[in-house]
Every structure is written in C-alpha cells, then in structure tokens.
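Enquirer: Can you read through this structure? Questions will come right after.
Here, each number is a calculation from the coordinates, and none is a lab measurement. Note that the coordinates shown come from a computational prediction; the quantities given were computed from them, not determined experimentally. Here the Cβ positions follow ideal geometry from the backbone for every residue, glycine too, while neighbour counts run over all protein chains shown.
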Amino acid sequence: MKVVDFFFAARPLLHLPIWSIYLCSLHYHLRISGGLFEWSDAGMMACLSLMVSGAYFLNQIHDFEGDCINRKLGFLQRGFISKRQMQIAYVAVSLPALALSRLFSPFALVTFAQFFLLGFLYSAAPFRLKDRPIWGMLVNAYSFGWLVTFMAMPEMNVHNAGMLGWDNPFYFFFAVAAVHILTTIPDRKGDLAARKMTVAVWLAPVTARLLALVLMLVSAFVAWRSGHALLITSSLLSVLPLLAAAVRPSEKADLLAAKAPILLLTLLAAYFFWGYLLFVVALVILSRIYFAKRFRLVYPKLA
C-alpha cells in the first residue's frame, strides 16, 4: 500500500496539463517536420513526470501547515507517509530524472536542470517563490508553459528552431500564468490565514480574475497570430467559466474556471494523440477508486 500511496502522492492528475502541453507542442513540431511519435517522446514524458513528482513531494513537505488550514488533509497529515520518507522520495525521483535527461541531448539536460532548480526554489525555505505572487506566477509559467514546450524538441539548435514556431512557447506561457492565478483564488482565505502571499492574496479576487482574463485573451491572440485555430478555441472557451465566476463569484465557480482550461487542453492533446485519452481515462478511474477507499473522498471532480 505504501508504494501506491507514493504513486498518488506524486499527484499524477496534476501531471495532465504538463503532459498535454508537451503533446500539443510535439504535435505542431511533428506537423512541420513530418516526424512521428517515438519511444524517445514517451521517455521524455516519463522523465518529466519523475521531475514533477519530486517537485510535488517537496511542495507538500513545505506546505504542510498551509494545507492543513486549507483543509487539504493529505498523505503527510494523515500519517500515510512521513516527512522523512517524502524527502527521500524527492531525491529518489529527481536525481534519476536529471541523469536520464542527458540520454536525450545536452539541451534536454540543461532544460531539466532548470526545472530541478526552479522546483527547489519554488517550495524550499528561505526562497519559497510560491509565496511570492509575481515570482510564483512566473516560475509556473516559465517551467510548465515555456520549458515543457521546448522539451518537445530536445535537439533544439539554430537550424531547426523555427520548426517549433516561436509563438508556441509564448502561448503556453500566458495560458499557464492565467491558470496559475485562477488556482490561487479558491485557497485565498486559507493562504491569508497562513500568511502566504499568493496572487489572490496580493490582489483582490476580482482583480485576480481580471488579470487571469487578460492573460488568457493574450494567449488567444498569440494563437491567432500563429494561425492555430484549435488553440484559439481552447483559450476562448476557457474565458467563459472565468466570466461566469466574475459575474457570480463562488468557490465552485472559481474551481471550474481553474479546471476548465486544463480539461480543454487535455482533450486537445487527446485529439492529436488518441492513445493519450485512454491513458487519461484509466488514470481518472484509478484515482477515483484510490481516493474513495483511502481518503473517503470524491476525487477528481470538476468543481
């Protein structure tokens, strides 16, 4: 059971937007280059998941008190995993991911090294960039929106740089920044009590929603400049629940506004790679079963 606990403590469902960004970026690259999805792409996603798992382990260790206040009673709070065990797990998944990335290319190693460093600075004291509104947003946008996009091209150089399309990283940078802001709004009261300075604490909720709206519209504009109709549609559809949350604010509305863009991006990645949809459905079913039995919770749910 401990192995299963560690698997779900790695927050696999929170890997979905990362996998989806990678697959969407890979699709646009392959469309230009004429290549196909290869085992190296699956390997890159696996290494990326190991690195992200480490970041989530570290985040839970340093967010223990805040999660208690926000009633996110998880693996550490219930004693399923100790802090010491989670620290060991952080090292056990992060270092192999960093070492294996060199198998893809020197560029991949540099990219993963940035991911590792930012993951540490994001959660660990005294840096705790997650509790600094601007830095927290920028680290998320750069890590998940920018670096993951370039991981779709581990052999990046001056000769094939244009094959990705320079607008793609900008698109995901702005979209991820918008989603990050939206995820801080439902936790605002708890974060305020825990003296955490997130975007939603720093700004009034209405201002935070407005900033997220602007960033999402900017992402739609970038997609329009690139001629990516499906990315435009995804961004514009994501604006609708955001507007609904602005008109009739509620915790459920804010949760829906934060989760809708992730769902849309996941469906878009599944449209490009149909096997991904089967994987996501299986992961959601397994997560439902696990959290129902282990935590007596209904998870995941849209709002």
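Enquirer: Subtracting the Cα-Cα distance from 0.36 nm times the residue separation, let me have the gained length for Ser33 to Ile134 in nm, one decimal.
Expert: Gain on extension, Ser33 to Ile134, equals 32.7 nm.
Enquirer: When the chain is treated as a GNM, springs tying every alpha-carbon pair under 10 Å, which of Ala113, Ala42, Ala245 comes out with the largest mean-square fluctuation?
Expert: Most flexible of the set in this elastic network: Ala42.
Enquirer: For Ala99 and Lys301, compute 0.36 nm times the residue count separating them, minus their Cα-Cα distance, and round to one decimal in nm. Let's see the in-between values first.
Expert: On the way: separation 202, 0.36 × 202 = 72.72 nm, distance 3.55 nm.
Result for the pair: 69.2 nm of gain on full extension.
Enquirer: Same structure again: For the chain, what number of Lys pairs, 8 or more residues apart or on separate chains, have alpha-carbon atoms under 15 Å from each other?
Expert: For the chain, the number of qualifying lysine pairs is 8.
Enquirer: Moving on. Rank by packing, highest mean first: peptides 180-190, 197-207, 12-22, with packing defined as the count of other Cβ atoms within 10 Å averaged across residues. Please list the in-between numbers first.
Expert: Working: 180-190: 22.6, 197-207: 18.3, 12-22: 20.8.
Per-residue mean Cβ counts within 10 Å order the peptides as 180-190, 12-22, 197-207.
Enquirer: Another question, if that's okay. Just in the range 1-106: which trypsin sites (Lys or Arg not before Pro) are loop by DSSP and have at most 10 other Cβ atoms within 10 Å?
Expert: The qualifying sites are Arg71.
Enquirer: Shifting gears a bit: For the range 2-294, what does the relative contact order come out to in percent, with C-alpha contacts under 8 Å and a separation of six or more?
Expert: 20 percent.
Enquirer: Follow-up question, since we're still on this one. Quick check: pseudo-label points 7 Å beyond the Cα along Cα→Cβ at Val284 and Ser40, how many nm apart are they?
Expert: Once both label points are built, they end up 3.3 nm from each other.
Enquirer: Related question: For the range 2-294, just the Cα atoms, rotate onto the principal axes and tell me the three extents in Å, largest first.
Expert: Cα spread of the range 2-294 along its principal axes, largest to smallest: 51, 45, 37 Å.
Enquirer: Okay, next question. For labels at Ala229 and Ala124 in the simple 7 Å Cα→Cβ model, what's the distance in nm?
Expert: 4.8 nm
Enquirer: Apply 1/(1 + (r/R0)^6) to the Cβ-Cβ distance of Leu14 and Lys293, taking R0 = 22 Å, and write down the FRET efficiency to the nearest 0.05. If you can, show how the numbers build up before the last one.
Expert: Values: r = 20 Å, r/R0 = 0.92.
So the FRET efficiency works out to roughly 0.60.
Enquirer: Highest first, please rank the peptides 33-40, 48-55, 266-273 by the mean number of other Cβ atoms sitting within 10 Å of their residues. Write out the running numbers ahead of the final one.
Expert: On the way: 33-40: 10.5, 48-55: 22.8, 266-273: 17.4.
Listed from highest to lowest mean packing, they are 48-55, 266-273, 33-40.
Enquirer: Right, something else. Below 8 Å between Cα atoms, with a sequence gap of 6+, how large is the relative contact order for the range 199-303 in percent?
Expert: 19 percent
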